[in-house]
Structures are given as structure tokens and as C-alpha cells.
1. What strands (runs of 3 or more DSSP E) completely inside region 284-391 contain at least 1 residues that are surrounded by fewer than 20 Cβ atoms within 10 Å (Cβ to Cβ) and at pLDDT 95 or above?
2. For residues in region 192-212 being open to solvent by 40 Å² or more (accessible area, probe 1.4 Å) and outside any loop (DSSP other than H, G, I, E, B), which is farthest from THR440 (Cα to Cα)?
3. Suppose we filter region 471-488 for residues that are hydroxyl-bearing (Ser, Thr, Tyr) and either touching a Cys at 6+ places or on another chain (Cβ under 7 Å) or open to solvent by 30 Å² or more (accessible area, probe 1.4 Å) (or both); how many remain?
4. I'd like the full set of residues that are open to solvent by 10 Å² or more (accessible area, probe 1.4 Å), polar (S, T, N, Q) and modelled with pLDDT of 95 or more, limited to region 418-470.
5. Regarding THR266, is this residue assigned to a helix (DSSP H, G or I), under 13 Å from the mean Cα position of the chain (by Cα) and polar (S, T, N, Q)?
6. Identify the single condition in (1) more than 21 Å from GLY453 (Cβ to Cβ); (2) out of contact with any Ser or Thr (no Cβ under 6 Å at 6 or more places or on another chain) that MET217 does not satisfy, given that it satisfies every other one.
7. Taking the stated definitions as given, is MET491 buried (at least 20 other Cβ atoms within 10 Å of the Cβ), within 25 Å of the chain's Cα centre (by Cα), on the phi < 0 side of the Ramachandran plot and not in a loop (DSSP other than H, G, I, E, B)?
8. Which count do you get for residues in region 518-546 that are open to solvent by less than 30 Å² (accessible area, probe 1.4 Å) and in a loop (DSSP other than H, G, I, E, B)?
Amino acid sequence: MKEKIINIIFSVLGILLTFILILLSAGILWMYAIWGRNLTINDFLFQVGTLDGTGSGMVVKFILFALLPSVILTAGLFILKFYLKKKNIYEPFMGRAMIGGSALVFWCVLIFAVKWLKVDDYFGFAGFRASAEAAYVPPEIVTIVPAQNVQTGSGEDAEPGEWDYLQTFLANEMTPWEKNDSRDFVESYYVDPSTVDLVFPEKKRNLIFIYLESMEMTFADKDIGGAFDENVIKNLTLLSQENENFSGTYGPGSLLDGGYSYNGGTWTMGAIFSSTAGLPLQTGGIERNEMNTQESFYPSITTLGDILEEQDYRQIFLIGSSAVFGGRKLYFQNHGDFEFRDLVWAKQSGHLPGGYYVWWGYEDQKLFEYAKETLTELGEGDQPFNLTMLTVDTHMVGGYTCELCGNEFENSYSNVYACSDKQVSEFVDWIKQQDFYENTTIILMGDHPTMDGMYCRNIDPSYVRRVYTCIINAPVTPVRDAYRSYSTLDMLPTTLTSIGVEIPGGRLGLGTSLYTNQRTLTEELGYTAVSGSLSRYSSFLAELASIVPVDEFGNPMITNEDGSITIQYPDGSTATMFPDGSQANLYIDGSQLLISPDGNVTYVYPDGTATNEIPAGLLPTGGDVQETVIP
């Protein structure tokens, strides 16, 4: 009987182990098909840990293409096992198969971690990788004589000479990179915006910053810098060509240019952070990388939102999903005191019925309707404004096909991109007809390259994908006619210049204003060096982030000077675990529950009297003593 129970236990454990190994393998294959070679360890950890607000389609696809096949395959293997056992050929066959399968899974996981997520880069021991850093030569900077460069800016309604002072300032700005002695790469090059004396124009310009979900210049045709045989974003291409993308060329048929997305900026929250803070987003220290569990989001840094708030801008963040997702609401609350018009707002304001939910919330067709309504309201106000928007229809996998989408292309995702392309272009045309446009700069930027690896599987492997970039109606033009090499980190100072702000030194965060003569960090060090350096953990970023670890329920865990750890619960009660194994729970009424290292429990009433009887319902976790432990 005892032997039979042991066999049952081992059989169950074998089934579970086999299922886990198969699910792990299936999950890796599924993720590679979805994200391709662009996902890194930073992005992987962040996305896995931040699921609140995730589109239901992603969960369904995981169930269909990873979980369900794993269940079927596991069941099939064990049916085969019992069949072979019945035929008395189980042990010699299945034993070798299990060992071989386990070894194969191990190597798959190892290759996944090292070659795809670049774990070795993250921890700084990627010395065996081949690198082109030593051979990199920075581009030559052609000095432009300021007097020869004075010109009216690109703002369509600018008065002749109105912005010549800023154009001259930009041409004169040639401050070299000043690397400090820190061993931390980010700290070595970081320019704290709070230490720079920014000068705004007397009449402050409005800003409309539209993040285009997963939009790349890659989707244009090869002749103009894209990677596709046929252009799927024709309208956005023309907008970029006729305005500013920092390629040094203009007009139909001219080259496109766009920003690299470095580690820490290759998903939406990371991209927003990189382009408005000039820093890569690292969120180490949180068990599941959930920034929305924190009380603050990089509280000590100065961002675009902070700068504009200080200048009395009214700021609104408009999106068709939940603002909570990825920590976006926390970020914009902490940095700029934004108003939020998201899925929750749309329902509470009566724009949508309570049960409405498509894709990630509501589709872009409605987003642009609400944007027109919001801009009309902002344009009638007395404050300068910053409307930051994020589209969503082009999110992986495959995008959302709305009633406006056509069938121009065989690939449905291409049709979604073409549909978004048309909607954005028409929205820009609408803005140009409004009275506030004269004093408004528009920025269109892809937030990050698409994570749908299958969509880009046929492009040249040597092609480095970059986000779509276009700046419209800025009051100045770049002083350097050159094809720039830049990243989304450069958008912080570039955005401020595009609304007429003087930036002494031309740099903020890790970014360089692309309107100046000066090299970007990418031009100074090369793409390979910057990409590798930003893949690594940064103690400087960890200090700026002030991340407070959380337990499995999202409750903050504070490490005290004596080595004890205090968990803070939503109702104000706490549980403190000490190095010797003892524990003290403090409740909001002043009572305490004390647990000694040997497990003896004492309850102390608010008046100081004590008892070994534990009142029901006192423990913060709602269970018995053993449940209140360090996660």
C-alpha cells in the first residue's frame, strides 16, 4: 500500500514537471513568434509583471497557442507512457526520453536568456560577444557660422525674423559632452534638467504630442529608408517628408529618419519615460515590476511634464485604455499634475456606456473624436497647453480592425496600420484649421518598434528598426543639414526646442536637442556602445527610482536599519519581521500581535494589557499566524 502511494505521488509529480517543461518551451516559442528579437530582459520583466489593463486578445492567444497545446501534449505523453508500460517497454524508452527532453528544454531556456533577452548584457558579463565599439568613429561636426544660418523658422505662420534670435542661439550652441568620473554609464552622461536655466518665449507655445502605438519608419518602402517593399504608411510618410524628421532632406521622395529605441524604452511606458525624462526606464527591486504599486515614480527627476507645469501649462493625457496600466497614471500624476481622459473617464463622463470594451478599451476612431473635443476646450482657454495622446489600434498582435479599415493589403495588420495612417493624417489636417494652430507644435512619434515579430520577419536582418518621427510647425529649423543618428532619449530637449525654449548646453537627461550642431550620444559613442551600456543595470537609476519592493499582494515592504522588514497594509496596519524570526503586527487601533522566534503568540491591547488569546480577524493577511510571513 505504501509503495503504491509513493508511485502515485511520483506519477503526479512527473505529470506536473513534464507539463511545466512543455509549457515553458511552448511559451518561449510563442513569445518569440510575438516579440521577435527585439525583447530584452528589462522589457520582458516589465511586461510580465504589469498585466492590469492588458488587452484580452493577448491572454486568449496565449491560451490557444501555448497553454492548450501544452495540456494536449502532456496528456498525449502520459497516455503513451501508460500504453508503453502496459506493453512492458516503458522504462528503457521513457527514461531516456525524459532525460533527453529535460536537457533540450534546459538548453532552450539558456539560449533564450542569453541570446534573446541578453541577460549577460544586463548583468555586465557579455565580454565574449563580438563588438564594433572599438572601430566606431564619430561623425564629423560641420561648424555653421551663425550669421549665415539665421532664417525664419518652420512655423507656417511665423512672422519674418520672429524666431531668428533662437536660430542664432542654436547655431552658437556647441558645448561638448562632459563625461564625469562615475563608473555608471547613465550617471556619466546625465544632465539634470533641474540644473539647466531654461528660457521660454514670452508667448508660450502649445504642444500636441501624439505617441503612435508601435509605429515605425520601417513600414515605408526601401527607397526612402524603410524596410518594406510596399509603403503601408503613405500619409505619415508624406507628413514626415514635408515637415521635420532630422534626415536633412525634405519634400516628396526624401529620406525618412527616426529614433532608435534603446533598452528601457522599447515598450509604451518605457518609451514615454525615455522621451519625456531623457532616461531609460529600469524598475529593478519590484518583484513583478509593477510601477503602479509604488507611491511615486522616479520622484527626484525633472521631466517634460514638470518643466511645463512650472510654466503654468494645462496638461492632459488622452488614451483609449486604462491610464493605470504600466504605471502611466502614476508617472503623469507625479510629473506634471496631468488630467486623465482614459477609458474610465470616457465611461464616467457619459462618452461611453458602462460595459463598453473593445481591444484595450476603446478604439482610435473614438480617441480622435475625444481629442477634437478636448483641443477645442483647450484652445478656448487662457493657458498654454500640452495634450499628450496615445493611439492603440496598431498594438500587437495584428492590431484592431475597425469599421474604417480597408483591404488594400493582403496582411490584415498592414491594413490596420494604413487605417491608423489615414486617421492620424486627417486629425493633423483638422488641427491645422483651428485658431490655436498658429502657436502650436505637433509631434508625432512611434512609441516603440512593434513587438509583433511575425509582421517584420521578412525584413533584412541587418536593418535596425527605428520609430516613426515627425515634428510639425516648430518655430525653428535644425542648424545642421545632416542625416542625424538619434534615439527617443533625445526627444526631451528636442521637444522643448520645438516649442521655442532656449536650452543652454543643448542637452537634458541623456538627450541632445536635434536642432543644435551637437552630437547626440548615439553619434558620440555609436549605436552598439550605447545599446550595450543601457542594457546593463544602473545603480544610479536605482537611486533615482526609489523603488519600494512589494509583497505578492502588492503591499509595500520597507527594509529598516536593523535588518527587519515592515509590510504596510492598505488599512494602515503593519507587520514587521525581525532577523531573529520574531514578528510584530501593529493595528490601527494601537493593539499589537507579537510572535516570538519559537512561535509563541501574545496579543497586546491598546491599554497595554496582554493575553495569549488571539481575537479573530486581526491578522493583516486575514489568516492564521503562519500566513503573515516574508514573501
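The values are calculated or read from the model by the stated rules, or taken from the named source; none is laboratory data. Note that this is a predicted model, so its numbers are computed, not measured. Cβ coordinates were reconstructed from backbone atoms using ideal geometry, including for glycine residues, and neighbour counts include every protein chain displayed. Note: accessible area is taken over every heavy atom of the protein model, side chains too, but ligands, DNA and RNA are not part of it. Shrake-Rupley method; radii C 1.70, N 1.55, O 1.52, S 1.80 Å.
1. Here the list reads 314-319, 339-341.
2. Filtering region 192-212 for residues that are open to solvent by 40 Å² or more (accessible area, probe 1.4 Å) and outside any loop (DSSP other than H, G, I, E, B), the one farthest from THR440 (Cα to Cα) comes out as THR195.
3. Count: 2.
4. Residues satisfying the conditions are GLN423, SER425, GLN433, GLN434, ASN439.
5. Judged against the criteria, THR266 is not a match.
6. All conditions are met except number (1).
7. The answer is yes for MET491.
8. 5
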